[in-house]
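The values are calculated or read from the model by the stated rules, or taken from the named source; none is laboratory data. Bear in mind that the values here come from a model prediction, so they are computed numbers and not experimental data. Virtual Cβ from ideal backbone geometry, glycine too; neighbours counted across all protein chains shown. Calculation scope for accessible area: heavy atoms of the full protein, side chains included, ligands and nucleic acids excluded. Shrake-Rupley method; radii C 1.70, N 1.55, O 1.52, S 1.80 Å.
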Amino acid sequence: MRILHRAAAGFLSAAVCLSLAATSAPSAAAAPAKQKNVRVVVPTLAARATLSADHLEEGPPSGALASPGNGRQGPWPGQVIPGFSAMIENADGTFWGMPDNGFGTRANSADFLLRLYLVQPHWQVASGGSGEIEVLSHISLRDPQRRAGFPLVNDATPERLLTGADFDIESVVRADDGTFWIGEEFGPFLLHFSADGVLLAAPVALPGGLKSPSSPFLAPGETPTVRGSKGFEALVAQGRYLYPILEGYLPNDTDKRRRMIYQFDTRTGTYTQKTWEYRADTDDALVGDAFALRGNQLLVLERDDFWGPEAVTKRVYRVNLAKTEAGGHLAKELVVDLLKIDNPDRIGMENNADAYGVGETFAFPQQSVETVVQLRDGRLLIANDNNYPGNDARYPGVPDDTEMIIVDLPTVKRKADHTVPVVAHRGASGYRPEHTLAAYQLAIEQCADAIEPDLVMTADGVLVDRHENEIGGTTDVATRAEFAGRRTTKTIDGTAVTGWFTEDFTLAELRTLRAKERLPQLRPGSAEFDGLYVVPTFSEVVDLARHSRTCDGQQVAVVPEIKHPSYFGSIGLAMEDAVVDTLRAAGLNRRSAPVAIQSFEVNNLVYLSQRSPVTLVQLVNCSGGPADRPELTYAQMVTRQGMRNVASYADKIGFCKDVMIPRLADGTLGRPTAAIRNAHRAGLSVVGWTFRAENQFLPVEYRSSANPADHGDLAAEIQDFLAAGMDEFFTDQPDLGVAAVR
């Protein structure tokens, strides 16, 4: 195909476009062809142990000012162990576990003593075991030599025991000489302690005068340059160097996904000039912990602030300090998604039938997953800070226990999970509000091969994921008084639409909104998640896909649909180059990439066929025609000649279901049309949309009841369309779609 250039006035003319010959074969599908047998890494639960949330150790009462939660109210007659923010493996099977500052702030943690606890897990494994964590002893952190440099809670006592009002300790490593280096958040500081817990030197602050709002050295009126509670949640050691990692972004950073990694020389006691950039999955994702591997490699634990069924991001990635991507940040490789761990031995399931995430697929869904350690045998130890008493990820209304699990990472050979590519339509939109990272993540957990974001644009030219640019039905914007004046009426593709539009909001403004379920009467379970999740950017969704793996071990494909491209182009927000630029930055603007770009329009796909080598999908609706081609109908496009024309610039055709098998007057399925045959003759792969389980969307013969929200026989409908020749399909319920093609 000859190179065609976009004219200044717009896309190619209809005459030129339709005269192109179908000279190229379709590219590989966005979701790779299924293989009969695959070798995949299967994260597997090997061991688990817990310590009761209500466990108390000896010491003065704690929690007098702690926020009450889940039926617990301080003070408690001893020292609470609110989980572990960091751990160190010992050679004898014990661990040093370090809680943080206690109850979250300087103001409420003055009665919490900073300690390292020596613990012995009595692991529950396949062959048995109690599954209990035994606390053997502890080291009290203290400052008898007055190194802190500021008044302490116990300033006047000889030992000067440190409390949660003095430091917020979050990460720890042990040096070769047995001393401890600790990363904390109030400064943020690096702290050096002897093997028995004595502070050996003054706290080391970040270079450049970076300070958090809680820094004891923040002068009156001085503006903090580190966000509160976003200090050194992670700390690793390699040789003479320490690598502290900020938990969140710096307040003045224009890239809110950037997490800075610093290098500290323990021999000189100073920071070097070297820094690295770790790119989090989202603006709000947090670096919970890290662990040093051989060479330049690190494990990085990344988490969100949700827990239980609301959790989206609980992941361990591998990075190499010598390997960066476009943009300068470290390349990430997924090691384990902690929300999807195989549990073939049913560890933890006995007497925990009602616990969320404790099943044959095991999840570690606690809010503050803050410990990752690679054990001497290569397996991974994961543990949580339970934020006692506020978190209840396992049982609603019951404080979370402290949990330790061991995850094995075997590579196994097994049959492919299913035989036909399944695309998650707007994510697992039957279970979570559509076009949220929660919906996409759940779709991946449900074994979807691809996730589909619809793309619109903000006023400042950022691609975001919404079904339409009108967002009154998919966000809480209608309840936000500050945006009431932006409600307006616009003509979109010839139709008058009233509401709030993404192009009238900057990304920062849009991020203040929260997603909601579009069909609450049909999907009340999804509506329970209203008000939780932000509108994601296309870049975030692309990164989620490329850093995830399907149940067959392949990279998750991303199948974006460009919505209303002519309209957006008419207001100065051209989308096509922005899509390609996003793919290029992620290393996905290539022929073999698991990407397919869709559109109901024609001219933008023609343009993209010259701009990008990725798979292109022409969408065909049940009626009407492309908004940019008033002379052309979709009915004309599905003819033999129409399909040959489409094949000149696209690789796949995405048919509305009724185009393939129409509904009869009584609501049952009729006979297949010639559309699929015409597409295949033109060399086009056929994608069907959209398969939904609710009775309202099913043919009459597959409905289960008169209730439109009840689920009917979705599998039977899918099988009918596959029998007619459909190659792959979109579904709102990926789990049911996968089950239909297993």
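So, in the range 172-216, how many residues would count as being surrounded by fewer than 18 Cβ atoms within 10 Å (Cβ to Cβ), among the charged types (D, E, K, R) and not in a strand (DSSP E or B)?
So the count comes out to 3.
From the set of residues in the range 279-296 that are in contact (Cβ under 8 Å) with a residue 12 or more places away in the chain and closer than 22 Å to Arg240 by Cα, which is surrounded by the fewest Cβ atoms within 10 Å (Cβ to Cβ)?
Here the answer is Gly295.
Collect the residues in the range 121-158 that are over 17 Å from Asn101 (Cβ atoms), in contact (Cβ under 8 Å) with a residue 40 or more places away in the chain and among the basic types (Lys, Arg), keeping them in residue-number order.
Listed by number, the list holds a single entry, Arg147.
Quick check on this structure: which one of Trp276, Trp307 is buried (at least 17 other Cβ atoms within 10 Å of the Cβ), free of Cβ contacts under 8 Å to residues at least 60 places away in the same chain and farther than 18 Å from His547 by Cα?
Testing whether each residue is buried (at least 17 other Cβ atoms within 10 Å of the Cβ), free of Cβ contacts under 8 Å to residues at least 60 places away in the same chain and farther than 18 Å from His547 by Cα leaves just Trp276.
Considering only the range 410-439, how many residues are among the aliphatic types (A, V, I, L, M), open to solvent by less than 40 Å² (accessible area, probe 1.4 Å) and more than 16 Å from Leu532 (Cβ to Cβ)?
In the first step, residues of the range 410-439 are kept if they are among the aliphatic types (A, V, I, L, M); the result is 412, 416, 420, 422-424, 428, 437-439.
Then drop every residue that is not open to solvent by less than 40 Å² (accessible area, probe 1.4 Å), which leaves 416, 420, 422-424, 428, 437-439.
After this cut, where a residue has to be more than 16 Å from Leu532 (Cβ to Cβ) as well, the list is 416, 420, 422-424.
Matching residues across the range 410-439 total 5.
If a residue must be outside any loop (DSSP other than H, G, I, E, B), within 27 Å of Ser566 (Cβ to Cβ) and open to solvent by 80 Å² or more (accessible area, probe 1.4 Å), how many such residues does the range 475-493 contain?
2
In the range 114-136, which residue that is of a type in the set (Gly, Ala, Ser) and surrounded by 14 or more Cβ atoms within 10 Å (Cβ to Cβ) is farthest from the chain's Cα centre (by Cα)?
Gly129
Checking the conditions here, which among Val373, Val369, Val358 is part of a loop (DSSP other than H, G, I, E, B) and either at negative phi or surrounded by fewer than 22 Cβ atoms within 10 Å (Cβ to Cβ) (or both)?
On the way: Val373 fails: part of a loop (DSSP other than H, G, I, E, B); Val369 fails: part of a loop (DSSP other than H, G, I, E, B).
Just a single option satisfies the conditions, and that option is Val358.
Looking at Ala716, Ala724 in this structure, which one is within 30 Å of Ala438 (Cβ to Cβ) and small (Gly, Ala, Ser)?
Residue meeting the stated conditions: Ala716.
Does Ala650 qualify as being under 27 Å from Tyr440 (Cβ atoms), open to solvent by 20 Å² or more (accessible area, probe 1.4 Å) and not in a helix (DSSP H, G or I)?
So Ala650 does not fit the description; no.
If you scan the range 592-612, which residues turn out to be assigned to a helix (DSSP H, G or I) and open to solvent by 10 Å² or more (accessible area, probe 1.4 Å)?
Matches in the range 592-612: Asn603, Tyr607, Ser609, Gln610, Arg611.
Could you please let me know if Ala393 is farther than 19 Å from Ile341 by Cα and open to solvent by less than 10 Å² (accessible area, probe 1.4 Å)?
Details: farther than 19 Å from Ile341 by Cα: no; open to solvent by less than 10 Å² (accessible area, probe 1.4 Å): yes.
So Ala393 fails the test.
When you scan the range 495-504, how many residues do you find that are closer than 15 Å to Ile571 by Cβ and either part of a loop (DSSP other than H, G, I, E, B) or aliphatic (A, V, I, L, M) (or both)?
Within the range 495-504, residues that are closer than 15 Å to Ile571 by Cβ and either part of a loop (DSSP other than H, G, I, E, B) or aliphatic (A, V, I, L, M) (or both) number 1.
What helices (runs of 4 or more DSSP H) completely inside the range 505-585 contain at least 2 residues that are in contact (Cβ under 8 Å) with a residue 60 or more places away in the chain and farther than 30 Å from Ala650 by Cβ?
Because the criterion is at least 2 residues that are in contact (Cβ under 8 Å) with a residue 60 or more places away in the chain and farther than 30 Å from Ala650 by Cβ, the helices (runs of 4 or more DSSP H) in the range 505-585 that meet it are 524-527.
Can you name every residue in the range 68-85 that is of a type in the set (A, V, I, L, M) and over 17 Å from Asp400 (Cα atoms)?
Matches in the range 68-85: none.
Among the residues of the range 217-250, how many are in contact (Cβ under 8 Å) with a residue 60 or more places away in the chain, among the hydrophobic types (A, V, I, L, M, F, W, C) and not in a strand (DSSP E or B)?
1
So that you can scan it fast, the table gives a plain yes or no per residue for (1) open to solvent by 10 Å² or more (accessible area, probe 1.4 Å); (2) modelled with pLDDT of 95 or more; (3) in a loop (DSSP other than H, G, I, E, B):
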site	(1), (2), (3)
Val659	yes, yes, no
Arg671	yes, yes, yes
Ala679	no, yes, no
Glu701	yes, yes, no
Gln719	yes, yes, no
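For the range 559-590, enumerate the residues that are surrounded by fewer than 20 Cβ atoms within 10 Å (Cβ to Cβ), among the aliphatic types (A, V, I, L, M) and out of contact with any strand residue (DSSP E or B) (no Cβ under 7 Å at 6 or more places or on another chain).
The answer is Ile571, Ala574, Val580, Ala585.
Would you call Lys340 open to solvent by 10 Å² or more (accessible area, probe 1.4 Å) and under 18 Å from the mean Cα position of the chain (by Cα)? Quick ask: steps written out before the conclusion?
Details: open to solvent by 10 Å² or more (accessible area, probe 1.4 Å): yes; under 18 Å from the mean Cα position of the chain (by Cα): yes.
Yes: the conditions hold for Lys340.
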